[in-house]
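Heads up, the thing below is written out as structure tokens.
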Amino acid sequence: PGSGINPHTVRRVVNMLAPLGLSEIHLSGGRWTEGGMIFRREGMGMGKGAEGDWGIWQTDEGVIREVRALLESM
């Protein structure tokens, strides 16, 4: 599993799938951050919508560490 894995979901996913042979998980651990685009033409975007239109999806080290700590405590 990978999509939607975060500190709020990882415990449930592992508890449900470990008995079925789960051996690894994947996650981006990311969040939207402000992009560096200066010119943002009105009515145009990058197709994502909301903050993703001009933002950058970036891995958050804190999220990765939190998920890892939860997994190690299980």
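Nothing in this text is a laboratory measurement; each read-out follows from the coordinates by a stated rule. All values derive from a computational prediction rather than experimental measurement. Note that each Cβ is placed from the backbone with ideal geometry, even for glycine, and that neighbours are counted across all protein chains shown.
What are the residues whose amide H is under 5 Å from the amide H of GLY30, where those residues sit 5 or more places off or on another chain and H is modelled from the backbone?
Under 5 Å from the amide H of GLY30 lie the amide H atoms of ASP60, each far enough along the sequence or on another chain.
Measure nothing fancy, just the Cα-based angle from helix 61-73's long axis to the longest principal axis of the chain, in degrees from 0 to 90, nearest 10.
Taking Cα atoms only, the helix is inclined about 10 degrees.
Hey, what do the phi angles of segment 17-24 turn into as Karplus ³J(HN,Hα) couplings, whole Hz, using 6.51/-1.76/1.60 and θ = phi - 60°, x for Gly and Pro?
Ordered by residue, 3J(HN,Hα) equals 9, 4, x, 9, x, 3, 10, 7 Hz.
Placing one identical point scatterer on every Cα of the chain and ignoring solvent, what is log10 I(q)/I(0) from the Debye formula at q = 0.17, 0.27 Å⁻¹?
At q = 0.17, 0.27 Å⁻¹ the computed log10 ratios are -0.71, -1.21.
Taking the Cβ-Cβ separation of ALA69 and GLU34 as r and a Förster radius of 35 Å, what is the calculated FRET efficiency to the nearest 0.05? Walk me through the intermediate numbers first.
Details: r = 28 Å, r/R0 = 0.79.
In this case the efficiency is close to 0.80.
Given a Förster radius of 30 Å and the C-beta distance between ARG11 and GLU61 as r, what FRET efficiency does 1/(1 + (r/R0)^6) yield to the nearest 0.05? Please report the intermediate quantities before stating the final value.
Values: r = 20 Å, r/R0 = 0.67.
The value I calculate is 0.90.
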